[in-house]
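This report concerns only the one structure given below.
The values are calculated or read from the model by the stated rules, or taken from the named source; none is laboratory data. These figures come from a predicted structure and were not determined experimentally. In this analysis, Cβ positions are derived from the backbone assuming ideal geometry, glycine residues included, and neighbour counts consider all displayed protein chains. Remember, those area values only see protein heavy atoms, side chains included, never the ligands or the DNA or RNA. Shrake-Rupley method; radii C 1.70, N 1.55, O 1.52, S 1.80 Å.
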Amino acid sequence: DRQTLVAVLQFLRRSNLRESEEILRREARLLGEDLGGSVSTVASSSSGVAAVPAVPPGKGFITCGGVSHCITLSSFRLSYELFLFAVGGGVVVEDQPDVSAVLSAYNQQGDPALYEEYYSGLKHFIECSLDCHRAELSQLFYPLFVHMYLELVYNQHESEAKSFFERFHGDQECYYQDDLRVLSSLTKKEHMKGNETMLDFRTSKFVLRISRDSYQLLKRHLQEKQNNQIWNIVQEHLYIDIFDGMPRSKQQIDAMVGSLAGEAKREANKAKVFFGLLKEPEFDVPLDDEDEEGENEEGKPKKKKPKKDSVGSKSKKQDPNAPPQNRIPLPELKDSDKLDKVMNMKEAARRVRLGPECLPSICFYTFLNAYQGLTAVDITDDSSMIVGGFADSTVRVWSVTPKKLRSVKTAADLSLIDKESDDVLERIMDEKTASELKILYGHSGPVYGTSFSPDRNYLLSCSEDGTVRLWSLQTFTCLVGYKGHNYPVWDTQFSPYGYYFVSGGHDRVARLWATDHYQPLRIFAGHLADVTCTRFHPNSNYIATGSADRTIRLWDVLNGNCVRIFTGHKGPIHSLAFSPNGRFLATGATDGRVLLWDIGHGLMVGELKGHTDTIYALRFSRDGEILASGSMDNTVRLWDAVKAFEDLETDDFTTATGHINLPENSQELLLGTYMTKSTPVVHLHFTRRNLLLAAGAYSSQ
């Protein structure tokens, strides 16, 4: 307002900050005006003690002559920020404070007997406001309820807190029930000291995205009613991300809310992401039509005069959205990798083109009598081996081709082999050790994640014992135990290029490792609860993590920054899958929904409803036409990915405000549902020719 502006300008003049004064005058269009007269405002607070005003989003405070002035940072945000910087004024730094500092914010308090009245007054106001504002302002109910309850508990008004909780907890959205259960156990000030959920809620501002009209309506109401208690909480504990434009509808808001700390700030999804694929190296591909004769028992093509095949010579143009080839150091291709790529290309030539008219066959691997408790599954890229992690701390590897698993001979036997012979790789294998199954012992707790390396020489497993182990598939022994997590490690995955791998666990962080370093290369911190699943982007420059805080984050491997935060799931995330072109991400959670995200724009672009239980497995077909989802409801569902991603509305307005328009009916995208008798689906894998493999353990209940 004008009064405040005049006061600020006078202060600038007294402090000889002529330049800042000029900028501010120019922005406020007060260039030639005289600044006579002194201005004073009085700071008041609910308890009658002058309180230091909290800085609300979009506002800054300066103190001039012992009087606090609130300045609105709207059209002249930059000048004010420069000005605040110049006078060393109240610059807000959002940091992770310690517990006592966090809790002390609850010292300012009003009359405990009036809390119910304050809350029901606001509730009545919101419920009676226009429909367009009601949906947006209803987002305030949950964070206000939690903070008012915690404030009562902290100030030892236990009976008022109990009454407040009992009266209003039933009004909260169903997806907050788990959080409310934890909250209901905090009934004394002492309980709050060591409680993680409590700390999360306190240290991370709850983010609400509200249109300017709705925000002004709320502000006006609270100021008219002089409801300082609620206004203080809004300023102190909430981050209101205000946008210009139409308020969002209830459906649009419901699609995006539900995480532990509200929605993501729009700023969080603005960074550029190189989601394109890296250019494939070029090499010659031998052509052989007689497939069976052309392969020896190793499955490797026989040496022939290489004729150039169109697949190998067709050099892909550099994808404009791809990261620079050398942005992160990637391992060089070995000869065996090149051979494998050749095999891959030949298989790809025989790949079945999938679509609504041509669905894949599904081959289901059922683990029978798995009394040890199956907790993790992975299948090699060439579909030759399958691994299971079990609750009895074993890792079991099976061959699913006629070729048995063999170990390398002992050192004494190896010294007798002629190293120059053509079939030296065959001779080093010990036929006496050949078997369909190998059991790997080493972990001291249930094994929650397993991952084969792309070259099939190594296997990763992670466990409740806090370690990630690297196993050799040549000797079937443990090579390294990586110790970095102090608590259970829920998931681990190799990079599509090998060498790097990622792990995520109960300590709320994901770690990036390289096989030859015993310390992590990067630590990705930011989730407010367990990191439950991890996935590499196909170009290996990014890692997606899903968490029990009901958010998905995308991290940049190069610098460790979080470049995307996706909110919308109503339960812990348990599965992630990138589309083969790197543009989209599919996520599944305990809420039984599959959400689809556009990585470049940082937007939700689809919601697939149909499953009735947690989704533990998601996989795109090799060309990205079909998305398969597997769930604890004993079904595999196939979705039309091409249709889901076509005609996306990602204009600037949608990107700027988050006004997403999801199709009403996801059933149109559902191509098929396949029931098992009584086997929850824990893993899905498309072979190189697009046969879908699924796996799970038969449950007799």
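Residues in the range 592-603 that are part of a loop (DSSP other than H, G, I, E, B) and in contact with a Phe, Trp or Tyr (Cβ under 7 Å, 6 or more places away or on another chain): Ile599, Gly600.
Checking the range 443-458 against the condition returns a match, with at least one residue being open to solvent by 20 Å² or more (accessible area, probe 1.4 Å), part of a loop (DSSP other than H, G, I, E, B), closer than 24 Å to Ser575 by Cβ and basic (Lys, Arg). Within the range 675-700, restricting attention to residues that are open to solvent by 30 Å² or more (accessible area, probe 1.4 Å), hydrophobic (A, V, I, L, M, F, W, C) and assigned to a loop (DSSP other than H, G, I, E, B), the residue that is farthest from Thr401 (Cα to Cα) is Val682. Assess whether Gly245 counts as being buried (at least 20 other Cβ atoms within 10 Å of the Cβ) and either touching a His at 6+ places or on another chain (Cβ under 7 Å) or of a type outside the set (Phe, Trp, Tyr) (or both). Criteria not met by Gly245. Against the criterion of being at pLDDT 85 or above, of a type in the set (Asp, Glu) and in a helix (DSSP H, G or I), Glu136 qualifies. In the range 619-636, which residue that is open to solvent by 10 Å² or more (accessible area, probe 1.4 Å) and out of contact with any Leu (no Cβ under 6 Å at 6 or more places or on another chain) is nearest to Phe584 (Cα to Cα)? Restricting to residues being open to solvent by 10 Å² or more (accessible area, probe 1.4 Å) and out of contact with any Leu (no Cβ under 6 Å at 6 or more places or on another chain), the top hit is Gly624. If you check Leu260, Leu186 for being outside any helix (DSSP H, G or I) and over 30 Å from Leu662 (Cβ atoms), only one passes: Leu186. No other residue among Leu217, Leu260 is modelled with pLDDT under 85 and either open to solvent by 30 Å² or more (accessible area, probe 1.4 Å) or of a type in the set (A, V, I, L, M) (or both) apart from Leu260. Number of residues in the range 139-172 that are more than 32 Å from the chain's Cα centre (by Cα) and outside any helix (DSSP H, G or I) equals 3. Restricting attention to the range 8-29, the residues that are aliphatic (A, V, I, L, M) and open to solvent by 10 Å² or more (accessible area, probe 1.4 Å) add up to 3. Filter the range 423-468 down to the residues that are farther than 14 Å from Tyr500 by Cα, acidic (Asp, Glu) and touching a helix residue (DSSP H, G or I) at 6+ places or on another chain (Cβ under 8 Å) and list them by number. Within the range 423-468, Asp430 is the sole residue that qualifies.
Matching residues to (1) at pLDDT 95 or above; (2) on the phi > 0 side of the Ramachandran plot; (3) hydroxyl-bearing (Ser, Thr, Tyr):
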{"residue": "His574", "(1), (2), (3)": "yes, no, no"}
{"residue": "Asn581", "(1), (2), (3)": "no, no, no"}
{"residue": "Gly588", "(1), (2), (3)": "yes, no, no"}
{"residue": "Asp591", "(1), (2), (3)": "no, no, no"}
{"residue": "His601", "(1), (2), (3)": "no, no, no"}
{"residue": "Met604", "(1), (2), (3)": "no, no, no"}
{"residue": "Leu608", "(1), (2), (3)": "no, no, no"}
{"residue": "Thr612", "(1), (2), (3)": "no, no, yes"}
{"residue": "Ala617", "(1), (2), (3)": "yes, no, no"}
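Within the range 341-364, the residues that satisfy the criterion of being in a loop (DSSP other than H, G, I, E, B) and in contact with an Asp or Glu (Cβ under 6 Å, 6 or more places away or on another chain) are Leu354, Pro356.
Filter the range 339-364 for residues that are open to solvent by less than 80 Å² (accessible area, probe 1.4 Å) and charged (D, E, K, R); which is farthest from the chain's Cα centre (by Cα)? Checked the range 339-364; the qualifying residue farthest from the chain's Cα centre (by Cα) is Lys346.
Taking the stated definitions as given, is Leu208 open to solvent by less than 60 Å² (accessible area, probe 1.4 Å), outside any helix (DSSP H, G or I), in contact with a strand residue (DSSP E or B) (Cβ under 9 Å, 6 or more places away or on another chain) and not aromatic (Phe, Trp, Tyr)? For Leu208, the condition - open to solvent by less than 60 Å² (accessible area, probe 1.4 Å), outside any helix (DSSP H, G or I), in contact with a strand residue (DSSP E or B) (Cβ under 9 Å, 6 or more places away or on another chain) and not aromatic (Phe, Trp, Tyr) - is met.
Can you confirm whether Asp591 is open to solvent by less than 10 Å² (accessible area, probe 1.4 Å), among the charged types (D, E, K, R) and either free of Cβ contacts under 8 Å to residues at least 60 places away in the same chain or touching a Gly at 6+ places or on another chain (Cβ under 9 Å) (or both)? In short, no.
Among the residues of the range 449-456, some residue qualifies, meaning at least one is closer than 25 Å to Pro520 by Cα, in contact with a Leu (Cβ under 6 Å, 6 or more places away or on another chain) and of a type outside the set (Lys, Arg).
Please go through the range 410-422 and give me each residue that is among the hydroxyl-bearing types (Ser, Thr, Tyr) and either on the phi > 0 side of the Ramachandran plot or in contact with a helix residue (DSSP H, G or I) (Cβ under 7 Å, 6 or more places away or on another chain) (or both), ordered by number.
Filtering the range 410-422 down to residues among the hydroxyl-bearing types (Ser, Thr, Tyr) leaves 410, 415, 421.
The one that is among the hydroxyl-bearing types (Ser, Thr, Tyr) and either on the phi > 0 side of the Ramachandran plot or in contact with a helix residue (DSSP H, G or I) (Cβ under 7 Å, 6 or more places away or on another chain) (or both): Ser421.
Has the range 182-204 got at least one residue that is of a type in the set (D, E, K, R), open to solvent by 50 Å² or more (accessible area, probe 1.4 Å) and modelled with pLDDT of 85 or more? Within the range 182-204, none of the residues are of a type in the set (D, E, K, R), open to solvent by 50 Å² or more (accessible area, probe 1.4 Å) and modelled with pLDDT of 85 or more. Of everything in the range 466-487, what is surrounded by 18 or more Cβ atoms within 10 Å (Cβ to Cβ) and either assigned to a loop (DSSP other than H, G, I, E, B) or under 19 Å from the mean Cα position of the chain (by Cα) (or both)? Give them in sequence order. Scanning the range 466-487 gives Gly466, Leu473, Phe476, Gly484, His485.
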